[in-house]
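The values are calculated or read from the model by the stated rules, or taken from the named source; none is laboratory data. Since we're looking at a predicted model, the values are computed, not measured. Positions of Cβ are generated from backbone atoms using ideal geometry, with glycine treated the same way; all protein chains shown enter the neighbour counts.
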Amino acid sequence: MPSLLPADVAGHRRAWNTVMAGYLPALPDLEQAIVTTAERLSGPPARVLDLGGGPGLLAERLAVRWPAARITLADIDPVLLALARAAVPVSVTVTEADLTDPCWPARVGTGYHLVTAVMTVHYLSPAAARALYATIRGLLAPGGLLVVADVMPDDGLPAVMRTLTPPAATDPSWTRWWSTVAEVPELSALMRRRAEIFETRPAAGFTPALSWHAAAARAAGFPEAGALWRHGRHAALAAR
């Protein structure tokens with residue numbers, strides 16, 4: 001694939017950050033909560049895994065905060081992975097991984113002090129989400145921290161399945177971003193591959209209450225699991 005110009009990569013990533021800010025309000029507050037909690041529990045983490053890290057904005061910011069950390073970004077989307085690879089610091093390893101594939105842990109290894117999954121779990125089925133908690137438990141170093149942030153409405157009510165309309169159906173900014181990227185010649189092959197990957201995948205839609213996530217984490221073997229952060233319908237679970 002021909003290389004993108006650095007200015008183009010930066011522009012696409014800035015636009016992505018703007019789009020995602022609409023889906024996850026108060027993102028800076030969430031990131032500060034993650035950083036503060038991780039440092040309070042065990043100091044700056046030496047190894048970090050960012051699941052569903054997209055074009056690497058969170059991974060990049062964590063690398064700036066913790067320059068000595070080894071950070072792994074995992075995602076399934078080849079377009080977003082290309083943008084990440086073109087921009088993240090050398091301390092960040094970018095890896096393609098399908099969280100519904102039982103073999104994905106082998107691609108990232110173990111011994112992580114912090115694992116994050118921000119706006120990622122709602123793409124999974126309930127069974128896959130439960131399996132993910134169990135898998136992450138095995139990837140963490142002793143005392144390691146997991147943070148899952150997503151749409152988690154009605155905290156404290158009985159956990160039920162709720163549906164989240166896929167962004168493309170409701171938000172023109174999401175559609176506009178992908179339309180712009182689709183016009184980039186250097187990304188055309190990756191856009192075709194992306195279409196093949198997502199052709200048979202169900203739309204995003206699993207958004208249970210935070211209490212569901214806490215129960216799933218405890219069932220997976222996390223002794224502690226509870227709320228880390230909340231902003232409206234969005235919340236973050238911390239488990240260790």
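Would you point out the residue of segment 170-192, among those that are closer than 30 Å to residue 217 by Cβ and in a helix (DSSP H, G or I), that is modelled with the lowest pLDDT? Residue satisfying both the conditions and the ranking: 170. List every residue pair whose Cβ atoms lie under 7 Å apart, where the two residues are 6 or more positions apart in sequence or sit on different chains, the first residue falls within segment 219-234 and is within 19 Å of residue 122 (Cα to Cα), and the second residue, located anywhere, is of a type in the set (Ser, Thr, Tyr) and not in a strand (DSSP E or B). Close Cβ pairs satisfying both conditions: 220/133; 228/37. Can you confirm whether residue 11 is without any contact (Cβ under 8 Å) to a residue 40 or more places away in the chain, assigned to a loop (DSSP other than H, G, I, E, B) and either among the small types (Gly, Ala, Ser) or surrounded by 16 or more Cβ atoms within 10 Å (Cβ to Cβ) (or both)? Taking the combined requirement at face value, the residue does not satisfy it.
So which of 47, 61 is in contact (Cβ under 8 Å) with a residue 24 or more places away in the chain, basic (Lys, Arg) and in contact with an Asp or Glu (Cβ under 7 Å, 6 or more places away or on another chain)? Please lay out each step first, then the result.
Values: 47 fails: in contact with an Asp or Glu (Cβ under 7 Å, 6 or more places away or on another chain).
The match here is 61.
Just one of the listed residues (41, 30, 83) is touching a Lys or Arg at 6+ places or on another chain (Cβ under 8 Å) and farther than 30 Å from residue 189 by Cα, namely 41. When residue 107 is tested against (1) outside any loop (DSSP other than H, G, I, E, B); (2) touching a residue at least 12 places away in the same chain (Cβ under 8 Å); (3) surrounded by fewer than 17 Cβ atoms within 10 Å (Cβ to Cβ); (4) out of contact with any strand residue (DSSP E or B) (no Cβ under 6 Å at 6 or more places or on another chain), only condition (4) is not met.
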